[in-house]
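Student: Okay, handing you the structure first.
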């Protein structure tokens with residue numbers, strides 16, 4: 001794994017403004033590589049550059065030095081943590097006699113390995129084709145397999161197939177047609193859910209921040225939760241009963257990451273629609289990570305790129321306080337206590353969860369107010385919907401139908417009116 005880092009200069013200073021050190025970026029890149037079980041990371045290093053070479057990325061001296069070391073170590077694949085142009089990729093592969101993947105290619109490969117739902121698989125393949133359309137020197141052997149990666153890093157039966165743009169475009173058209181059918185099905189499911197509405201709460205955050213651990217802790221679900229980047233890819237939704245008796249739908253989403261490939265931002269927009277339509281966004285942060293502020297900024301940038309309405313209420317979770325020393329832990333807890341929208345907790349141990357649950361209930365039903373409805377006897381489905389929403393406080397039979405006392409929010413009232 002190689003991380004190109006520019007020496008001091010305008011671009012290097014711009015990178016520094018994001019508060020990300022080359023060392024931490026390299027650590028994250030290695031963690032990305034290790035998220036693919038069939039890869040064995042044999043080494044990693046930061047390569048300082050005065051400026052990127054247009055043809056080879058690295059200068060001649062470094063190119064020859066790396067060639068010798070790669071040959072001696074019998075390396076098959078080189079990962080470059082950053083963008084590599086098609087020309088640079090081709091030239092480096094020829095010079096070193098290895099396969100090469102840049103950051104975008106690696107993330108695509110991980111997403112392909114993680115996707116489980118039909119929509120996830122189609123989204124990944126579409127994103128990969130969009131990426132590879134400019135890289136006709138690459139094989140796109142994943143089109144011959146249903147699952148198990150994109151073929152960048154090898155695998156059983158891999159062959160080198162020369163693909164032209166017309167073949168890729170035809171395949172993209174077919175994938176878009178299949179995806180449209182899958183999306184229509186999911187929209188029907190969402191419409192059915194809207195008829196029995198609960199507020200939607202979306203968990204978002206940097207990859208490996210602990211979203212799935214928190215999701216499992218509060219819902220009792222068994223979503224894959226590991227100390228691994230992109231452990232969760234396909235979104236999972238569960239009903240969550242709140243302490244005051246209210247209910248919400250909690251959505252666990254794919255983790256965000258710095259320099260998320262633009263192909264994936266576009267391709268996974270549909271997958272992240274639960275975030276776009278959420279009544280409340282809960283931003284989960286790994287507060288023990290040395291670059292937690294930079295990670296939080298990356299998440300906000302992705303939310304903005306997705307078009308998430310800034311007016312949607314948000315809560316911030318400072319997760320993993322169990323990984324901090326007592327002094328730092330106490331300091332962060334004091335900071336969080338001074339801010340109504342911030343909660344310091346440990347999803348792993350459950351410490352600090354109660355205030356968060358109360359805040360979610362308040363944020364999704366803070367404007368609850370009483371109302372009396374009269375429904376005709378033949379509107380049994382609408383009466384049943386009110387009961388499923390959990391807003392009914394009392395009801396009685398009258399001459400003209402059911403008189404029902406409810407306690408609901410404006411959002412719940414609007415959903416019921418539109419159902």
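The values are calculated or read from the model by the stated rules, or taken from the named source; none is laboratory data. None of the values given here were measured: they were computed from a predicted structure. Methodologically, a virtual Cβ is constructed for each residue, glycine included, from the backbone with ideal geometry; neighbour enumeration extends over all protein chains shown.
Student: Looking at the range 409-419, which of its residues are in a helix (DSSP H, G or I) and in contact with a helix residue (DSSP H, G or I) (Cβ under 9 Å, 6 or more places away or on another chain)?
Tutor: 411, 412, 415, 416, 418
Student: Further question: Name the single residue, out of those in the range 114-134 being modelled with pLDDT under 80 and buried (at least 18 other Cβ atoms within 10 Å of the Cβ), that is nearest to residue 39 (Cα to Cα).
Tutor: 114
Student: A further question on this structure: Checking residue 193 against (1) modelled with pLDDT under 90; (2) touching a helix residue (DSSP H, G or I) at 6+ places or on another chain (Cβ under 7 Å), which single condition isn't satisfied?
Tutor: (2)
Student: When the range 90-113 is examined, which residues are found to be assigned to a helix (DSSP H, G or I), without any contact (Cβ under 8 Å) to a residue 60 or more places away in the chain and within 25 Å of the chain's Cα centre (by Cα)?
Tutor: Passing the criteria: 105, 112.
Student: Moving on. Among the residues of the range 323-366, which ones are under 13 Å from residue 217 (Cβ atoms), assigned to a helix (DSSP H, G or I) and touching a helix residue (DSSP H, G or I) at 6+ places or on another chain (Cβ under 8 Å)?
Tutor: Result: 353, 357.
Student: Give me the residue from the range 390-408 that is without any contact (Cβ under 8 Å) to a residue 60 or more places away in the chain and assigned to a loop (DSSP other than H, G, I, E, B) and, out of that set, surrounded by the most Cβ atoms within 10 Å (Cβ to Cβ).
Tutor: Result: 391.
Student: Moving on to the next point. I want to confirm something. Restricting to the range 1-41 and keeping residues that are farther than 19 Å from residue 105 by Cα and in a loop (DSSP other than H, G, I, E, B), which single residue is modelled with the highest pLDDT?
Tutor: Out of the qualifying residues, it is 21.
Student: Select from the range 260-288 the residues that are part of a loop (DSSP other than H, G, I, E, B) and either outside the structural domain of residue 306 (by TED's automatic domain parsing) or at pLDDT below 75 (or both) and list them in ascending order.
Tutor: Residues satisfying the conditions are 260, 261, 268, 269, 270, 271, 272.
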